[in-house]
Amino acid sequence: MKAVNIIKLAFMIIGGLMLVAALWFYQHTQQFLQTATQAEGIVVAFVESRQSNSKTIQYAPVVRYEAQDGREIEFTSSVSSYPAGYDLGEKVPLFYLASEPEKAKLSAYFSLWGGATILGILGAVFFSIGAAIMLFAKHSNRNEAYLKTNGEAIDTEFQHVARIASITVNGAHPYQIFTQWLNPQTSELHIFKSKNLWFDPTQYIKTHKIKVYIQPNNPKKYYLDVSFLPKLAE
């Protein structure tokens, strides 16, 4: 389905962009630390903030420190938390650039590496989801081709078509064809289902016999042949 391909590409592109942004933040922080001066400041106040969809108040520390040129500088940390991560009057280590002392950063992991960490994790998750969808599709296609070439073809009895409500892509639910086959050697009844179909195939099923390719001696690995169905236009 075209929507699945779009979703796959969207996840991989968004994930890739996030990973690039994470790398940029990492390198930017590395460069900052290489040229920054270390100092000690004191927490003199807190700036309160609240997200629009939350009742929890976040506290960002306001820190005062003395720069090398003797000036007293105050800055507000870019990281806020609940409860407050520092106490009023607490001494805290920090880094600053002599050219931009008001843009100092607290010497804490999240103040320095928070942006790179969050973007890196989200980017890895998004990219992995897109890659997993792509790899699953490739594996399914290879498995289908292998069974068509090397599998044992059996005629199975058509049972019904089911709409899979648990799967939703772009507001649509796929359909699956279900068939069954009684193994004459073991007297075991096997249920087979087709791959996801993005249209209702009911009207195109004209026979009660549907071919399934199974791996010899292992019917659990199979491919239900839907080549008799029309191809969905992109």
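We did not get these values from a lab; they are worked out from the coordinates using the rules stated. Bear in mind the structure is a predicted one, so any value in this text is a computation, not a measurement. Ideal geometry is used to build each Cβ from the backbone, glycine not excepted, and the neighbour counts take in all protein chains shown.
Per residue of the chain, the DSSP helices (runs of n ≥ 4 H) give a summed -39500 (n - 2.57) that works out to -12000 deg cm²/dmol at 222 nm.
Extending 7 Å from Cα along the Cβ direction at Y109 and again at I6 yields two label points whose distance is 4.0 nm.
Let's see if you can work this out: charge +1 on each Lys and Arg Cβ, -1 on each Asp and Glu Cβ, no other charges. What is the dipole magnitude of the chain about its Cα centre, in debye to the nearest 20?
Values: 21 positive and 18 negative charges, 264 e Å.
It comes to approximately 1260 debye.
Pairs K138/K211; K8/K206; K8/K105; K8/K209; K55/K105: which exceed 32 Å Cα-Cα?
Numbers: K138/K211 22 Å; K8/K206 34 Å; K8/K105 38 Å; K8/K209 35 Å; K55/K105 27 Å.
Beyond 32 Å: K8/K206; K8/K105; K8/K209.
Counting only aspartates and glutamates at least 8 places from K193 when in the same chain, those with an alpha carbon closer than 17 Å to its own are E144, E152, D155, E157, D225. Distance between the modelled labels on D69 and K206, one decimal in nanometres: 8.7 nm (7 Å Cα→Cβ projection). Legend: P(r) of segment 151-224 from all alpha carbon pair distances, 10 Å bins from 0, whole percents, reading 19, 47, 27, 7, 0.
Positive end of the dipole of the chain (Cβ unit charges, origin at the Cα centre): among L17, P93, F75, the Cα lying farthest that way belongs to L17. Label zone (N218, point 7 Å along Cα-to-C-beta; backbone nitrogen cut-off 20 Å) within segment 102-145: 136-145. The slack between T168 and Q51, meaning 0.36 nm per residue of separation minus the straight C-alpha distance, is 39.1 nm. Taking every alpha-carbon pair under 8 Å whose residues sit at least 6 apart, the chain reaches a relative contact order of 18 percent. Using Rg and Dmax of the Cα atoms in Å as the read-out, say which of (i) 21.7, 63; (ii) 17.1, 49; (iii) 29.9, 92 was calculated from these coordinates. Given (i) 21.7, 63; (ii) 17.1, 49; (iii) 29.9, 92, the calculated one carries the label (iii). Positive end of the dipole of the chain (Cβ unit charges, origin at the Cα centre): among I167, L189, P61, the Cα lying farthest that way belongs to L189. Sorted fewest first by neighbouring Cβ atoms within 10 angstrom, H173, H160 come out as H160, H173.
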